[in-house]
Amino acid sequence: MHMTMARKVLWIVGMNSAADEAAFAQHVNDAGVDTVCIRTTTSRLPAAIDTFHKLGKTVWAWRWPGVDDDPKKAKGPHYFAPLEAEFVAKQCIPAGLDGYIVDPESDDDQGVNDWNQVEVKGRKLKDLARDFWSVIKTAAKGKTFHCGITSGWDFPAPNQKPILPWAEFIGPSDAVYPQTYWRITGSHGKIIERFGGDPAVGCKKCVPIWQKVAMGKPIIPMAGEIDIVTAEEIAAYGKALTSMGLTEAHFYADIPKVPSKVLTAIKAL
């Protein structure tokens, strides 16, 4: 039996002009999605929240926050976790933001955005993660506000990123979102296949890995990278979610070259 997705979320990384915003809104409409997830680096926030609310869309935001506090190492505005939490709490939530998904990652380099470390400059990252959510949740108190975490499809595995503060990020979250992309763009534009290009395989593989850290929260595999997938694969992704009893689907990430057939396939879910 085919279940219609109750929520479809289209993510975007960069939306820094009126033309970008208009193009994204068109794709949102073409894909029939009800929720957008906008990276907080976009210069259109927080004003875009009202714009998409007027289009009848729920608006979430997301970011991979840094772990250091050296402004010379910042890669963009409000880059480090405390500043990002403050931006969300003081500017986005008062503007009507409906949810936030944190994206703690690791390049295994102990760099300024590497969450797979015990501490940085004497501050435990477990405390940093706990404080991050506390600032956001406090600002959202009394509101209907969705919290989540996304990260690599197998990152919680013992041989991957076991030190990442999973419990501190997942505890306050409503759901977890493994990045179960069956095709990605690697270095020098090389296309890399995962899971034999089969969305169902990726969905199946990520669940037992995430179950060990998810604290019983819903595990919702994400589709991506949607500019290099096919309409048939989007349909297969939807079927895989349905077989898992899920009615929420996520699509990373919108860019101008996402094929119209893919947007139509998303709408059909």
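The values are calculated or read from the model by the stated rules, or taken from the named source; none is laboratory data. Bear in mind that the values here come from a model prediction, so they are computed numbers and not experimental data. In this analysis, Cβ positions are derived from the backbone assuming ideal geometry, glycine residues included, and neighbour counts consider all displayed protein chains.
Remarks
- Residues of the range 223-239 satisfying the condition of being within 17 Å of the chain's Cα centre (by Cα) and charged (D, E, K, R): E225, D227
- Residue check, A23 part of a helix (DSSP H, G or I), more than 28 Å from L246 (Cβ to Cβ), among the hydrophobic types (A, V, I, L, M, F, W, C) and in contact with a helix residue (DSSP H, G or I) (Cβ under 7 Å, 6 or more places away or on another chain): no
- Looking only at the range 40-85, and only at residues there that are closer than 14 Å to D103 by Cβ and β-branched (V, I, T), the one that is surrounded by the most Cβ atoms within 10 Å (Cβ to Cβ): V67
- Residues (under 30 Å from F145 (Cβ atoms) and outside any helix (DSSP H, G or I)) located in the range 166-204: G171, P172, S173, D174, A175, V176, Y177, P178, Q179, T180, Y181
- Across the range 217-244, the qualifying residues are those that are in a loop (DSSP other than H, G, I, E, B), touching a strand residue (DSSP E or B) at 6+ places or on another chain (Cβ under 8 Å) and β-branched (V, I, T), and the one among them that is surrounded by the most Cβ atoms within 10 Å (Cβ to Cβ) is I226.
- Of all the residues in the range 241-251, those that are under 19 Å from the mean Cα position of the chain (by Cα) and not acidic (D, E) number 6.
- Taken over the range 135-165, the residue count meeting the criterion of being exposed (fewer than 15 other Cβ atoms within 10 Å of the Cβ) and in a helix (DSSP H, G or I) is 1.
- Flag for D254 being buried (at least 22 other Cβ atoms within 10 Å of the Cβ), under 18 Å from the mean Cα position of the chain (by Cα), more than 23 Å from P172 (Cα to Cα) and not β-branched (V, I, T): yes
- For the range 166-199, the set of residues classified as surrounded by 12 or more Cβ atoms within 10 Å (Cβ to Cβ), charged (D, E, K, R) and closer than 15 Å to I228 by Cα consists of R183, R194, D198, listed by residue number.
- Cβ pairs under 9 Å, 6+ apart, first in the range 72-89 and farther than 14 Å from I136 by Cβ, second hydroxyl-bearing (S, T, Y) and part of a helix (DSSP H, G or I): none
- Filtered residues of the range 200-216 (kept if touching a strand residue (DSSP E or B) at 6+ places or on another chain (Cβ under 7 Å) and either surrounded by 18 or more Cβ atoms within 10 Å (Cβ to Cβ) or modelled with pLDDT under 95 (or both)): C206, W210, A214
- All conditions but one from (1) among the hydroxyl-bearing types (S, T, Y); (2) touching a helix residue (DSSP H, G or I) at 6+ places or on another chain (Cβ under 8 Å); (3) outside any strand (DSSP E or B) apply to Y100; the one that does not is (3).
- Enumeration of residues in the range 30-68 that are part of a helix (DSSP H, G or I), out of contact with any Lys or Arg (no Cβ under 9 Å at 6 or more places or on another chain) and over 28 Å from D131 (Cα atoms): F52, H53, K54
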